[in-house]
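Notes to accompany the following structure.
The values are calculated or read from the model by the stated rules, or taken from the named source; none is laboratory data. Values in this document were obtained by computation on a predicted structure and should not be read as measured data. Because the Cβ atoms are built from the backbone with ideal geometry, glycine has one as well, and the counts that use them run over all protein chains shown. These area figures cover heavy atoms from the full protein model, side chains too; ligands, DNA and RNA do not enter into them. Shrake-Rupley method; radii C 1.70, N 1.55, O 1.52, S 1.80 Å.
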Amino acid sequence: MTRRVRKAIFPVGGLGTRFLPATKAMPKEMLPVVDKPLIQYAVEEARAAGIEEFIFVTGRGKSAIEDHFDFSYELDRVLSERGRTADLAAIKAMLLRPGQVAYIRQQEPLGLGHAVWCARNLVDDEPIAVLLADDLILAQTPCLKQMLDAYTGGNLVAAMEVPREQVSRYGVLDIGAESGQRVEIKGIVEKPTPEAAPSNLCVIGRYVLDPGIFDELGRLDRGAGGEVQLTDALARMIGRVPFHAHRFEGRRFDCGDKVGFFEANLAFALEREDLGAACRAVLGRYAKVGASRSKG
Ligand code: UTP
């Protein structure tokens, strides 16, 4: 029987250099899409998938993330005094309870694989979910839930096709047999050139990992970009445990990138009942300006 996935790791130790200067003193994962930080979307997605324990791998300058999920006495009192019951309920609902959450320091941003390895002592012999908050996914069924519903053991990654010329930003999959959304994986390579890539099916930041991953990561071998790559550990496990990709349903936004982040804000605002119409009107005005500029 497949073991239930109860714990999730949120690696938030990266420096977010593509978002400087915004990320100089503020974690990239606290950037808001409309009015909610990226990390909160990821935590809500994990909760919706039944995750009960939340492990954040953080670094220096990331304490805003801890504060965000903690009780705020002043805010609680002020909202109560002002009778803001709906806001108060929303704030209470997003708190992570004592014992349900742990924060570990990565100390040095040595790569995603290293960040995941830092959580090893908080995980028993059980499969574990990993979510990267900068991959934001708008979906009817949250992406991690789709994956856990399909999970039958081993390693499972979320995947989508990207244009060939963009594959060198991703972990790229060598594909075997396919059945519905499930793809058997024969190989994986981190950030290959378009010519060397085995396909254009790429890994997106959602993983369900066999606990054997921690021993593999413990070698701390450096891969692409001189970083300890999760991709390399996954590649070494092929043949020992099942490895599949899940072609998820939904729209993914790369919020580690400025244009992706801008598009996420547009898409999420347009979806909102309270903001959609007003945002559409603004967008209409800018579309006209854009059209007249491109003509001129
Ligand atoms: P990125 O590759 O986007 O790196 O990491 P980054 O440092 O955050 O951003 P840029 O490229 O400098 O702008 C993908 C995810 O892995 C985490 C990041 O926090 C992000 O969620 N990560 C990366 C770590 O936790 N530790 C690391 O050493 C590297």
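Couple of notes before you dig in:
- Here is the tail figure for segment 137-240: Cα pairs spaced more than 17 Å apart come to 55 percent of all pairs.
- Accessible surface of the chain, 1.4 Å probe, proportion on carbon and sulfur as whole %: 52
- Accessible-area ranking of ASP134, ASP149, ASP87, largest first, probe 1.4 Å: ASP149, ASP87, ASP134
- For segment 64-122, averaging the sequence separation of C-alpha pairs within contact (under 8 Å, six or more residues apart) and dividing by the residue count gives a relative contact order of 28 percent.
- Here segment 89-113 is scanned for amide nitrogen atoms under 19 Å from the site 7 Å beyond the Cα of ASP76 along Cα-to-Cβ, giving 89-102.
- Probe 1.4 Å, protein heavy atoms only - accessible area per residue of segment 83-223 in square angstrom: 45
- For segment 193-251, the Cα-based Rg and Dmax, in that order, read 12.9, 35 Å.
- Dividing the helix sum by the residues of the chain, where each DSSP H run of 4 or more adds -39500 (n - 2.57), gives a mean residue ellipticity at 222 nm of -9500 deg cm²/dmol.
- Across the cross-link table entries LYS28/LYS92; LYS145/LYS186; LYS62/LYS186; LYS36/LYS186; LYS36/LYS62; LYS92/LYS145, which are compared at the Cα atoms, the separations over 27 Å belong to LYS62/LYS186; LYS36/LYS186.
- Helical segments meeting 24 Å axial Cα length and Kyte-Doolittle -0.5 threshold in the chain (DSSP H): 276-295
- Debye log10 I(q)/I(0) at q = 0.14, 0.16, 0.17, 0.22 Å⁻¹ for segment 179-296, Cα point scatterers: -0.81, -0.92, -0.98, -1.33
- Length-normalised contact order of segment 130-229 in % [C-alpha pairs under 8 Å, at least 6 apart]: 34
- Just so you know, the Rg over Rh for the chain is 0.98, from Cα atoms, with Rh as the Kirkwood radius.
- Over segment 62-220, Cα pairs under 8 Å with separation of 6+ residues give a relative contact order of 25 percent.
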